[in-house]
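J.: To start, I am sharing the structure in question, which I have written as structure tokens.
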Amino acid sequence: MSIVKNKHSFKLISSSYKKESPISINKLEVRNIETENEDGSNINDSHKRSFLKVMGIAGIGLVASQVIPQKAEALIMGGTPSTSTIGVKNASNTKINPATEESLQTLLSGQGVTKLTTTLANSGTIITPGSGKKIRVYSNRFSLTADTASVSFRFTSGGTDHEKYVSPKTGGLYGANNHPNYIEGGVNQVLYCVISGTTNVQINVDYLEV
């Protein structure tokens with residue numbers, strides 16, 4: 001083996017080294033590497049099988065996505081997966097009904113709130129409690145058919161006003177909503193309205209007798 005000095009980064013090797021190289025350049029043994037694997041199987045067939053597997057998995061995932069989220073949502077919200085019913089649970093993991101306008105009556109003091117509507121043309125009694133009872137007012141609203149000097153509310157005709165509206169106008173809606181608080185009279189005291197002026201006053205009251 002001889003080495004020739006040169007300024008480039010390569011060497012000359014002997015012909016004997018080339019003959020010993022295990023690399024064969026027999027054209028008859030060259031296979032079409034574009035269409036066959038090392039084991040002789042067709043690459044295109046392998047790609048087809050892989051594609052079909054991927055599509056099968058994707059199809060299963062699509063079907064699962066249509067079912068699982070609905071049941072998962074029901075579980076998270078406290079519902080039953082089989083019926084998709086949504087509910088609310090308290091700290092003890094007990095299902096409860098949320099407070100609404102309809103359920104508020106049974107939540108206040110464990111009793112039912114009575115709703116009363118009446119119309120007065122002059123000062124007079126709105127509610128008379130049962131014997132030995134008191135009136136507990138949660139909400140009081142009114143409207144009137146003509147402008148007037150004042151409208152006020154009190155317990156008994158000679159009591160002190162707990163609500164008074166000066167110069168209310170026709171067509172207006174006035175009043176107070178005291179939920180969950182209330183205004184309470186004494187035993188056997190009526191709820192009374194004082195009207196100063198000529199008008200018809202329609203009154204709506206939410207109350208309990210206690």
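J.: Would you be so kind as to identify which of 131, 142, 160 lies farthest towards the positive end of the dipole of the stretch 128-196, taking Lys and Arg as +1 and Asp and Glu as -1 on Cβ and the Cα centre as origin?
T.: 131
J.: What is the stretch 104-209 by shape, rounded, prolate or oblate, if you read a ≥ b ≥ c off the alpha carbon gyration tensor as root eigenvalues and call it rounded for a/c under 1.5, prolate for a/b larger than b/c, and oblate otherwise?
T.: Prolate shape, in that a/c is at least 1.5 and a/b is the bigger ratio.
J.: Provide the net charge surrounding residue 148, with neighbours chosen by a C-beta distance below 14 Å and charges set as Lys +1, Arg +1, Asp -1, Glu -1.
T.: Residues close to residue 148 contribute a combined charge of +1.
Each value in this text was obtained by applying a stated rule to the coordinates, not by laboratory testing. In this text the structure is predicted, and so the values were computed from the model without any measurement. Here the Cβ is made from the backbone with ideal geometry for all residues, glycine too, and neighbour counts use every protein chain on show.
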